[in-house]
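Worksheet: one structure, shown below.
Derivation of every value follows stated rules applied to the coordinates shown; laboratory data play no part. Since the structure is predicted, the reported quantities are computational estimates derived from the model, not experimental observations. Because the Cβ atoms are built from the backbone with ideal geometry, glycine has one as well, and the counts that use them run over all protein chains shown.
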Amino acid sequence: MQQTKFLSTLGLARRAGKLNYGFDMVTEGLDTAQLIFLTADVSARTRNSVMQLAARKGVTCYDLPLSMAEISVAIGTKPVGIVSITEEGFAALLLAERKKMIGGKPL
């Protein structure tokens, strides 16, 4: 149930233009990112690269118990392993939904 609410909110953020997805879009948009979510099946290389770049910009990364396929269905794109939220309200809402799913600890 909580995954459904998280995924629908993620889709809403995309439609509102407040979501970056995929390595290139996320890393290019780090200046406006509020937070970054990484899927459970993202590659270790991508994970490490994004986490290093995000740390330099002071952006927190969070793991999700969701797959790339689940995220892609929610946002209507090809499978992606990372997404960033660029608006504070959506970031707070998605973080609250993530906490309900798995607890609120960052990476």
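Quick notes
- Straight-line reach from Lys5: taking Cα to Cα under 18 Å and skipping same-chain neighbours fewer than 8 places apart, the lysines in range are Lys18, Lys99, Lys100.
- Inter-label distance for Met101 and Leu12, nm, one decimal - labels placed 7 Å from Cα along Cα-to-Cβ: 1.6 nm
- Rh (Kirkwood; distinct C-alpha pairs) - the range 13-58, Å: 11.1 Å
- Long hydrophobic helices in the chain: the complete DSSP H runs spanning 15 Å or more by Cα along their own axis with mean Kyte-Doolittle hydropathy of at least -0.5 are 2-15, 88-102.
- Separation in nanometres of the label points that stand 7 Å from Cα toward Cβ, at Glu88 and Asp63: 3.0 nm
- Straight-line reach from Lys78: taking Cα to Cα under 13 Å and skipping same-chain neighbours fewer than 8 places apart, the aspartates and glutamates in range are Glu70.
- Reduced Cα scattering model of the chain, Debye log10 I(q)/I(0), q = 0.17, 0.18, 0.19 Å⁻¹: -0.68, -0.77, -0.88
- Percent of beta bridges antiparallel (DSSP, the range 2-102, rounded to nearest 5): 65 percent
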